[in-house]
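Notes follow once the structure below has been shown.
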Amino acid sequence: MHVTQEPPESAGQTALDQEQRQLLLLVASGAPTGSCLKALTEAVCRLAPGTRACVLLTSPDRVTVGDAYSTHLPAAIACPLRGLPMHEALFATDDPAIRRGNPVECHDIEQSTAWAESWRTICRDNGIHACHARAAMAPDGTPVGWFLLCLPQVRHCTPWEQRVAEFGALATSIVVERDRAAADLRNEVNALSRLQALSAELVGPGEFEPLLKKILAAAADISGTDKGNIQIYDPAKNTLRIAVHQGLSARLVEHFAEDGWVASCAEAAQHLERLVVPDVEQLTDLQGTLGLEIVMEDNIRSIQCTPLLSRSGQLLGMLNNHYRWPGGPTPEALRYIDLLARQAAELLERHIAESELARERRHKDEFLAVLAHELRNPLAALRNMLEVLKRAERDPGMTARAREVMDRQLRQLVRLVDDLLDVNRINRGKLELRPTALTLDSVLQHAVESCKPALEQHGHRLRLVQPDAQIMLHGDAERLTQVFGNLLSNAAKYTPPGGDIELFVEPGKDSVDITVRDNGSGIPPDQLDRIFEMFTQVDRTLERAQGGLGIGLMLVKRLVEMHGGTVHAHSDGQGKGSAFVVRLPVTDIQEVAPQLPAGALSPVASKVLVVDDNRDAVESLVAVLAIEGHDVTAAYDGEEAITVGEQVRPQVILMDIGMPGMNGHEACRHIRNLDWGQRATILALSGWGQEEDRRASIEAGFDAHLVKPVDMDVLLEMLSTIEHRGGAR
């Protein structure tokens, strides 16, 4: 029997303290791991003569066998064990106590069933007959290795040897923790340096996709993988598109390229929270699916998916990394992935904003070019017809044709200007509706009448289909007429000559659908989503240029929405026509009652005073009214209007607002204080047409506010109404 001589207590403790001190100094000096652990095995053998020591460390995954260190055993001792799970490499039983790191002793390895055959073979080959093993524990309680005190005889370890082995395990833990802390510090410094460099690049004018690739590469490196992708969310299509990727197979990228919702990131995207899939093999719901098959084929065991959110919390995309081992990234890596996700989200937000600004700039440039074109066309026609009037004064047919063309082109100019002003009012929130009770039929009839010249010019056939019922609305008659007038004009513009246009009315319970359908050029599918945007036109090629500013449909949408309704566009594609469906709330639907014909108004000549500082404007208006049989007098400022008015006592005054000296408001207030002025009808004529301008005119005493250039038919109809009342105010 072998008898081991125990050192005296005091001498042994002194020797142990000295070896501990020397080893800690070596560890603190930053000596390499191998040097520290070999020095440890030498110290243990000095403290326990006749023994040999060995340190087995786990790999970075803390599961499998990594390197071995010893000064008394061969350097290749760990080769047969490397890559095996540590517990299976050393022990034959799955004892929970051993997994918790409890000491394991065997006085006769050859006869023991507790040790794995792989370790027993190594012991036999190296003359080891007994062994005492102690786990080296990390701060979180996870074994990071085992310290093994090996004996050349079959016997139990003495209490002193057990104490020395305990020292060996503790020292191993210190060395491993030092290396882990140093590695974490290096990773921290590298990660921070990388984040700082990325932040500097993001502030600069870098290109979008290369910067996105750098963020992805940083997330992969920091979390210890080479696989990953960044997806961009398309809210219109509700899809996740892979924008950049690395380390993934072509088959995986192709499979998940556009439809990311079937991937593991779907749950993270839908809940706007990060998802870590620790082991894809445990995704029982996806077993047997092609997607899981492709993921596992690419040697992926775990995945992290982090949503990219805007500052307002909206989903912009996903930052995903894929790992070859189960468990996913460490908590420290996830902390940096959060920072990188914030950078990626800010980059995406900036890219979206810049793309939107570029698109708006492009649309505005296109709009200005179209505006110049649309203004030149009617101006050219007006100029040409003025020449015709000069040169063909004695040709009644030619002069009549010239006047007809000039009238049509002038109306087109007025409409362009009105549309521009409406857009400006809508964008500033200044457009106000003047809702009244009205019938849908009257709105549609006025809209058809306004578009009649365009329909006739192109030879279109218009079919109006509506029920035998009176559909009552609460809305602004002028604006609703504008809505359907724009839709009919659009249909006429984009339908080849001789086309069919249908206006179909279908009432519901609380609403009515009005459909404007044509068999024209149609709308490409990729433009349906943005057909109602500002400055948007379908097909701007020179061969198919249809005219217009590209703001008509935007006005339609905004005006319909202001009435509490909706509008949608439908088309099966180019060349297959289009349909616009407007849905408006109704107040009542009544059976049509027979109506008595209204009596015609008999025009009666009136005394009219026209007041404007623009002499051409005065003379032209005086001429038209005189032709219609009215007794017309002119004045050129506010004070002259009062003087002339006192002399002629007009029944109607048409007065400009912005005149030098006494303006129109002041003159109107003065006239209203006169006996004859109280009975007169005073109409404001002004280039200012905002709601506040109209309100100011009414407050000054005007009966109505008309915007220049005045539609002569409207003015003459108003005068007829005034005449029918006999001039009463």
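The values are calculated or read from the model by the stated rules, or taken from the named source; none is laboratory data. Because the structure is predicted, anything quoted here is derived from the model rather than measured. So basically every Cβ, Gly included, is an ideal-geometry build from the backbone, and we count neighbours across all protein chains shown.
Data overview
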quantity: Cβ pairs under 7 Å, 6+ apart, first in segment 431-448 and under 23 Å from GLY689 (Cβ atoms) and in contact (Cβ under 8 Å) with a residue 12 or more places away in the chain, second in a loop (DSSP other than H, G, I, E, B) and acidic (Asp, Glu); calculated: LEU433/ASP476; ARG434/ASP476; PRO435/ASP476
quantity: The listed residue being modelled with pLDDT of 90 or more, closer than 30 Å to ARG186 by Cα and out of contact with any helix residue (DSSP H, G or I) (no Cβ under 8 Å at 6 or more places or on another chain), out of ASP279, ASP226; calculated: ASP279
quantity: Counted residues, segment 591-615 - those being at pLDDT 80 or above and either surrounded by fewer than 16 Cβ atoms within 10 Å (Cβ to Cβ) or touching a Lys or Arg at 6+ places or on another chain (Cβ under 8 Å) (or both); calculated: 3
quantity: Evaluation of LEU202 against (1) modelled with pLDDT of 90 or more; (2) over 28 Å from SER29 (Cβ atoms); (3) surrounded by 13 or more Cβ atoms within 10 Å (Cβ to Cβ) (one fails), failing number; calculated: (1)
quantity: Extreme residue, surrounded by the fewest Cβ atoms within 10 Å (Cβ to Cβ), among residues of segment 307-357 that are among the hydroxyl-bearing types (Ser, Thr, Tyr) and without any contact (Cβ under 8 Å) to a residue 24 or more places away in the chain; calculated: SER312
quantity: Some residue of segment 338-349 being assigned by TED's automatic domain parsing to the domain that holds LEU283, among the hydrophobic types (A, V, I, L, M, F, W, C), in contact with a Ser or Thr (Cβ under 7 Å, 6 or more places away or on another chain) and under 23 Å from LEU248 (Cβ atoms); calculated: yes
quantity: Top-ranked residue in segment 620-630 [being within 18 Å of LEU706 (Cα to Cα) and surrounded by fewer than 17 Cβ atoms within 10 Å (Cβ to Cβ); ranked as nearest to the chain's Cα centre (by Cα)]; calculated: SER620
quantity: Which listed residue is loosely packed, with under 14 Cβ neighbours inside 10 Å and either assigned to a helix (DSSP H, G or I) or under 39 Å from the mean Cα position of the chain (by Cα) (or both), from ARG415, ARG463, ARG403, ARG394; calculated: ARG403
quantity: Test: THR41 is within 56 Å of the chain's Cα centre (by Cα) and touching a residue at least 60 places away in the same chain (Cβ under 8 Å); calculated: no
quantity: Pair list, Cβ under 8 Å, 6 or more apart: segment 230-250 residue exposed (fewer than 15 other Cβ atoms within 10 Å of the Cβ), other residue among the aromatic types (Phe, Trp, Tyr); calculated: ASN238/TRP261
quantity: Segment 71-100 residues that are in a helix (DSSP H, G or I), paired with ones that are among the acidic types (Asp, Glu) (beta carbon under 8 Å, 6 or more apart); calculated: ALA78/ASP67; HIS87/ASP94
quantity: Matching residues in segment 618-653 - criterion: being hydrophobic (A, V, I, L, M, F, W, C) and part of a strand (DSSP E or B); calculated: VAL632, ALA634, ALA635, VAL652, ILE653
quantity: Residue satisfying condition, being touching a helix residue (DSSP H, G or I) at 6+ places or on another chain (Cβ under 6 Å), over 18 Å from ALA437 (Cα atoms) and at pLDDT 90 or above, within set VAL505, VAL567, VAL483, VAL556; calculated: VAL567
quantity: Any chance ALA402 is in contact with a helix residue (DSSP H, G or I) (Cβ under 6 Å, 6 or more places away or on another chain), more than 30 Å from ASN321 (Cβ to Cβ) and modelled with pLDDT of 80 or more; calculated: yes
quantity: Any hit, segment 699-718, residues being at pLDDT below 85, touching a strand residue (DSSP E or B) at 6+ places or on another chain (Cβ under 9 Å), surrounded by fewer than 17 Cβ atoms within 10 Å (Cβ to Cβ) and not in a loop (DSSP other than H, G, I, E, B); calculated: yes
quantity: Leading residue by the ranking (surrounded by the fewest Cβ atoms within 10 Å (Cβ to Cβ)) among those in segment 373-391 that are closer than 24 Å to THR481 by Cα and free of Cβ contacts under 8 Å to residues at least 60 places away in the same chain; calculated: LEU375
quantity: Hey, ALA269 farther than 17 Å from ILE337 by Cβ, modelled with pLDDT under 85 and not basic (Lys, Arg) or not; calculated: no
quantity: Failed criterion for GLY66 (all others in (1) within 60 Å of the chain's Cα centre (by Cα); (2) in a helix (DSSP H, G or I); (3) surrounded by 16 or more Cβ atoms within 10 Å (Cβ to Cβ); (4) of a type outside the set (Val, Ile, Thr) hold); calculated: (2)
quantity: Among (1) part of a helix (DSSP H, G or I); (2) under 52 Å from the mean Cα position of the chain (by Cα); (3) surrounded by fewer than 16 Cβ atoms within 10 Å (Cβ to Cβ), the one test that ALA696 misses; calculated: (3)
quantity: Verdict on ASP468 being acidic (Asp, Glu), modelled with pLDDT under 90 and more than 22 Å from GLY575 (Cα to Cα); calculated: yes
quantity: Per-region count, segment 670-693, residues outside any loop (DSSP other than H, G, I, E, B) and either under 44 Å from the mean Cα position of the chain (by Cα) or of a type outside the set (Val, Ile, Thr) (or both); calculated: 14
quantity: Residue selected from segment 433-451 under the condition in a strand (DSSP E or B) and polar (S, T, N, Q), by the criterion farthest from the chain's Cα centre (by Cα); calculated: THR439
quantity: Residues that are touching a Leu at 6+ places or on another chain (Cβ under 9 Å), under 25 Å from GLN153 (Cα atoms) and surrounded by fewer than 16 Cβ atoms within 10 Å (Cβ to Cβ), drawn from segment 16-50; calculated: GLY50
quantity: Which numbered condition ARG408 fails, given (1) assigned by TED's automatic domain parsing to the domain that holds ASP419; (2) at pLDDT 75 or above; (3) in a helix (DSSP H, G or I); calculated: (2)
quantity: Positions within segment 268-285 being farther than 24 Å from ASP226 by Cβ and among the hydrophobic types (A, V, I, L, M, F, W, C), in sequence order; calculated: LEU272
quantity: Count of segment 670-692 residues which are closer than 24 Å to PRO709 by Cα and surrounded by fewer than 16 Cβ atoms within 10 Å (Cβ to Cβ); calculated: 4
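So that you can scan it fast, the table gives a plain yes or no per residue for (1) surrounded by 22 or more Cβ atoms within 10 Å (Cβ to Cβ); (2) β-branched (Val, Ile, Thr); (3) within 14 Å of THR41 (Cβ to Cβ):
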| site | (1), (2), (3) |
| --- | --- |
| GLU110 | no, no, no |
| GLY127 | no, no, no |
| ALA130 | yes, no, no |
| MET137 | no, no, no |
| VAL144 | yes, yes, no |
| PRO152 | no, no, no |
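Yes or no, residue by residue, for (1) within 13 Å of LEU216 (Cα to Cα); (2) assigned to a helix (DSSP H, G or I):
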site: GLU281; (1), (2): no, yes
site: ASP285; (1), (2): no, yes
site: ILE300; (1), (2): no, no
site: GLN304; (1), (2): yes, no
site: LEU319; (1), (2): yes, no
site: ARG342; (1), (2): yes, yes
